[in-house]
Amino acid sequence: MILKTIENGVQILRLDRPEKKNALTGAMYTDLAEALEAGNTDDGVRCHLICGQPEVFTAGNDIGDFLQYAGKSGMTETPVVRFLRALVRNEKPLVASLDGIAIGVGTTLLMHCDMVFASPRTVIRSPFVDLGLVPEAGSSLLGPQMLGQARAFELLCLGRPFSARKAEMAGLVNEVVEGDVDAAALDCAREIAAKPPEAMALSRKLLRGDTGPLSERVEEEIRIFASRLSSPETIAAFQAFMSKSGKT
């Protein structure tokens with residue numbers, strides 16, 4: 001589930017499924033998407049903060065849940081697709097607090113954040129190719145822009161894990177926090193929320209530029225991702241994953 005609170009202009013979105021390492025279900029994606037969408041027109045929300053639990057940000061998709069709804073719709077209007085589109089259309093600053101693993105979409109959503117804080121034990125990884133899939137959330141466009149071609153390939157294609165320090169050096173994380181990472185991230189979110197909102201919105205929009213190419217890339221990734229779900233390579237990879245995790 002997603003715990004949602006609003007404090008002093010900051011909408012806090014906490015992933016709260018620790019027994020499953022915060023693996024994201026369709027219902028959780030829907031809650032996240034609705035929160036971002038509502039924030040666009042809510043003057044009481046000046047900044048979003050997304051965070052997880054101690055030792056785990058998110059293990060990425062709940063594979064079993066994902067296959068159920070993706071198989072029915074072919075990814076077209078699934079909760080995860082709604083969330084990816086909401087990330088692109090989000091108009092308010094977005095801050096993330098990471099402690100522990102950040103896998104798959106837990107990595108790619110960071111590329112949409114304005115500030116990212118991580119604890120030293122954070123590990124970022126995107127095993128899309130290992131599952132016969134392709135990167136999502138516009139990361140195939142944002143990754144090379146933010147990290148450079150070589151490091152983007154290492155993260156998104158080779159699937160190598162990035163430590164918090166390596167992610168900071170690559171430009172994916174703003175600050176590695178030795179103490180309470182959630183508190184540091186919340187302080188930053190409050191600082192953002194205290195700024196003049198119109199000036200903040202205009203400045204953020206200028207920094208981000210035209211989101212048209214990003215939106216187009218997200219849709220292209222969705223189409224390729226959906227086509228991959230029925231490929232023999234991907235089916236075999238998912239079967240191996242489910243068997244290894246004891247779900248078959």
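Given the options L158, L202, name the one that is over 23 Å from V88 (Cβ atoms) and either open to solvent by 30 Å² or more (accessible area, probe 1.4 Å) or in contact with a helix residue (DSSP H, G or I) (Cβ under 7 Å, 6 or more places away or on another chain) (or both).
Selected residue: L158, the only one of L158, L202 that is over 23 Å from V88 (Cβ atoms) and either open to solvent by 30 Å² or more (accessible area, probe 1.4 Å) or in contact with a helix residue (DSSP H, G or I) (Cβ under 7 Å, 6 or more places away or on another chain) (or both).
List every residue pair whose Cβ atoms sit under 8 Å apart, with the two residues 6 or more apart in sequence or on different chains, where the first one lies in segment 37-50 and is part of a strand (DSSP E or B) and the second, anywhere, is charged (D, E, K, R).
C47/K92; C47/R190; H48/K92; I50/R14
For segment 114-130, give me each residue that is crowded, with 21+ Cβ neighbours inside 10 Å and either touching a strand residue (DSSP E or B) at 6+ places or on another chain (Cβ under 9 Å) or of a type outside the set (A, V, I, L, M, F, W, C) (or both).
Of everything in segment 114-130, those that are crowded, with 21+ Cβ neighbours inside 10 Å and either touching a strand residue (DSSP E or B) at 6+ places or on another chain (Cβ under 9 Å) or of a type outside the set (A, V, I, L, M, F, W, C) (or both) turn out to be V116, F117, A118, S119, T122, I124, S126.
Specify the residue that is surrounded by the fewest Cβ atoms within 10 Å (Cβ to Cβ); the eligible residues are those in segment 93-102 that are touching a Cys at 6+ places or on another chain (Cβ under 6 Å) and touching a residue at least 60 places away in the same chain (Cβ under 8 Å).
P93
Looking at E77 and the list (1) open to solvent by 10 Å² or more (accessible area, probe 1.4 Å); (2) closer than 19 Å to P197 by Cα; (3) not in a helix (DSSP H, G or I), which single condition is not satisfied?
(2)
Hey, does segment 235-245 have a residue that's within 19 Å of the chain's Cα centre (by Cα) and open to solvent by less than 30 Å² (accessible area, probe 1.4 Å)?
Looking for residues that are within 19 Å of the chain's Cα centre (by Cα) and open to solvent by less than 30 Å² (accessible area, probe 1.4 Å), one finds none in segment 235-245, hence no.
Mind telling me which of the residues R85, R46 ends up being farther than 21 Å from V129 by Cα, open to solvent by 40 Å² or more (accessible area, probe 1.4 Å) and within 14 Å of the chain's Cα centre (by Cα)?
Selected residue: R85, the only one of R85, R46 that is farther than 21 Å from V129 by Cα, open to solvent by 40 Å² or more (accessible area, probe 1.4 Å) and within 14 Å of the chain's Cα centre (by Cα).
Residue by residue through segment 112-126, note down the ones that are closer than 23 Å to L214 by Cβ and not charged (D, E, K, R).
Answer for segment 112-126, where residues must be closer than 23 Å to L214 by Cβ and not charged (D, E, K, R): H112, C113, M115, V116, I124, S126.
Conditions (1) outside any loop (DSSP other than H, G, I, E, B); (2) over 23 Å from V134 (Cβ atoms); (3) modelled with pLDDT under 95; (4) of a type in the set (S, T, Y), marked per residue:
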site: M169; (1), (2), (3), (4): yes, yes, no, no
site: V173; (1), (2), (3), (4): no, yes, no, no
site: D187; (1), (2), (3), (4): yes, yes, no, no
site: E191; (1), (2), (3), (4): yes, yes, no, no
site: S215; (1), (2), (3), (4): yes, no, no, yes
site: E220; (1), (2), (3), (4): yes, no, no, no
site: A226; (1), (2), (3), (4): yes, no, yes, no
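G143 fails exactly one of the following numbered conditions: (1) free of Cβ contacts under 8 Å to residues at least 60 places away in the same chain; (2) assigned to a helix (DSSP H, G or I); (3) over 16 Å from the mean Cα position of the chain (by Cα). What is the number of that condition?
Here G143 clears every test but (3).
Confirm whether V134 is of a type in the set (V, I, T) and either over 16 Å from L32 (Cα atoms) or assigned to a helix (DSSP H, G or I) (or both).
Yes; evaluated as a whole, the condition is true for this residue.
Could you please tell me which pairs satisfy a Cβ distance under 6 Å, a separation of 6+ or placement on different chains, a first residue in segment 200-228 that is more than 16 Å from Q145 (Cβ to Cβ) and touching a residue at least 60 places away in the same chain (Cβ under 8 Å), and a second residue that is of a type in the set (S, T, Y) and part of a helix (DSSP H, G or I)?
Taking only residues 6 or more apart or on different chains, the pairs are R228/T234.
The values are calculated or read from the model by the stated rules, or taken from the named source; none is laboratory data. The structure displayed is predicted, hence computed values, not measured ones. Glycine also receives a Cβ, built like all others from the backbone with ideal geometry; neighbour counts cover every protein chain displayed. SASA here: full protein model, heavy atoms, side chains in, ligands and nucleic acids out. Shrake-Rupley method; radii C 1.70, N 1.55, O 1.52, S 1.80 Å.
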